[in-house]
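The values are calculated or read from the model by the stated rules, or taken from the named source; none is laboratory data. Computed from a prediction, not measured in an experiment: that's the story for all the values here. Methodologically, a virtual Cβ is constructed for each residue, glycine included, from the backbone with ideal geometry; neighbour enumeration extends over all protein chains shown.
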Amino acid sequence: MTSLSLQTANSTQFNTAINTSISVVAHSTVQTMSSKEIADLTGKEHFHVKRDIEVMLSQLNLDPSNFGCIFLDSMNREQKGYALDKELSICLVSGYNVQLRMAIIKRWNELEAQVLEAVRPSYMIEDPVARAKKWIEEQTAKQEAEAKLLEAAKAIEVMKPTVDAYDLIAGKKGSMCFQDAYKFLGGMKLKDMKQWMYDKKWINKDRFGRDSIGYYQNMNGYLVEKVTTHQPQIRITYKGLAAMARQMKIELNAEDFN
């Protein structure tokens, strides 16, 4: 993983999957990054970033209205956007399953806090007995924290092949019909896969009672329509299948798609 430095008056460095420098604005005790800053740093259109934020917050069961902010554009006009804290900002740009990445980020924050607590200096204590006791506590806590960090690193390393498999599959060109796609989802039945897609608004019924592609899934390239002699057929792309498996927490084997 490469280094991502959050630069602010009271900030510290941490690791993530993005190699750039991000400036955050400190509001009271909460540091936030605006959707406009994220758009500028990633080279994406601001309305695309806002759309991605709305999708992410929806998947995390968070209300987007709680993250609204106002910023001035290049012509000094007020524009609406979103302000995200450190965890949500990293979660957005990571590109991985939001629930999985959020859990990992929070766990690393807990471990970092334990390490900081463990290395608090004992030399500030005047009583020699209390100082010795504190030193023993520090060493014990440090060893426990290091062991947990090692355990977490091993756990993430175990996850890596699955994450890589998702990325490899998502990068493949083409699409497949639902009858072929469901077979890759851990033995799931076709009707259950379609019901999941209805529940998640991947597909909807149009005014004629036909299946139609949801807006975000169309924009993200998860689903496509193929023209047939009867009526358009909705097909799922490899990117869509990988995204679906991530959200369902189903492991995919890249070799199955060779």
>> Anything in the range 35-64 that is touching a helix residue (DSSP H, G or I) at 6+ places or on another chain (Cβ under 9 Å) and either assigned to a strand (DSSP E or B) or among the small types (Gly, Ala, Ser) (or both)? List them, or say none.
In response: Ser35, Ala39, Ser58
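Please enumerate the residues belonging to the range 199-210 that are part of a strand (DSSP E or B) and without any contact (Cβ under 8 Å) to a residue 12 or more places away in the chain. Even if it seems obvious, please write down each step before you answer.
Initial filter on the range 199-210 (part of a strand (DSSP E or B)): 203-205.
Scanning the range 199-210 gives Asn204, Lys205.
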> closer than 19 Å to Ala242 by Cα, without any contact (Cβ under 8 Å) to a residue 60 or more places away in the chain and part of a loop (DSSP other than H, G, I, E, B), is that true of Lys194?
Replying inline: no
> Could you list, in sequence order, the residues of the range 50-93 that are in contact (Cβ under 8 Å) with a residue 12 or more places away in the chain and of a type in the set (Ser, Thr, Tyr)?
Replying inline: Tyr82, Ser89
> Restricting to the range 65-75, what's the tally of residues that are at pLDDT below 85 and not in a strand (DSSP E or B)?
Replying inline: 3
> Scanning the range 72-86 for residues that are of a type in the set (A, V, I, L, M, F, W, C) and surrounded by 16 or more Cβ atoms within 10 Å (Cβ to Cβ), which turns out farthest from the chain's Cα centre (by Cα)?
Replying inline: Ala83
> Which condition number in (1) surrounded by fewer than 11 Cβ atoms within 10 Å (Cβ to Cβ); (2) at pLDDT below 80 is the one that Ile105 fails?
Replying inline: (1)
> Restricting attention to the range 211-258, which residues are in a loop (DSSP other than H, G, I, E, B) and touching a residue at least 24 places away in the same chain (Cβ under 8 Å)?
Replying inline: Lys249, Ile250, Glu251, Leu252, Asn253
> Could you count how many residues in the range 210-258 are at pLDDT 80 or above and not acidic (Asp, Glu)?
Replying inline: 28
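Scanning for something closer than 30 Å to Ile136 by Cα, modelled with pLDDT under 85 and surrounded by fewer than 17 Cβ atoms within 10 Å (Cβ to Cβ), does the range 15-31 turn up at least one residue? Break it down into steps so the answer makes sense when it comes.
Residues of the range 15-31 that are closer than 30 Å to Ile136 by Cα, as a first pass: 15.
So of that shortlist, the ones also modelled with pLDDT under 85 come out as 15.
After this cut, where a residue has to be surrounded by fewer than 17 Cβ atoms within 10 Å (Cβ to Cβ) as well, the list is 15.
Yes: one or more hits.
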> Among Ala165, Ala147, Ala130, Ala141, which is the only one that is modelled with pLDDT of 70 or more, closer than 30 Å to Gln195 by Cα and not assigned by TED's automatic domain parsing to the domain that holds Ile250?
Replying inline: Ala165
> Scanning for something surrounded by 18 or more Cβ atoms within 10 Å (Cβ to Cβ), at pLDDT 80 or above, part of a loop (DSSP other than H, G, I, E, B) and in contact with a Lys or Arg (Cβ under 7 Å, 6 or more places away or on another chain), does the range 170-179 turn up at least one residue?
Replying inline: no
> For the range 178-197, what are the residues that are within 19 Å of Pro232 (Cα to Cα) and among the acidic types (Asp, Glu)?
Replying inline: Asp180
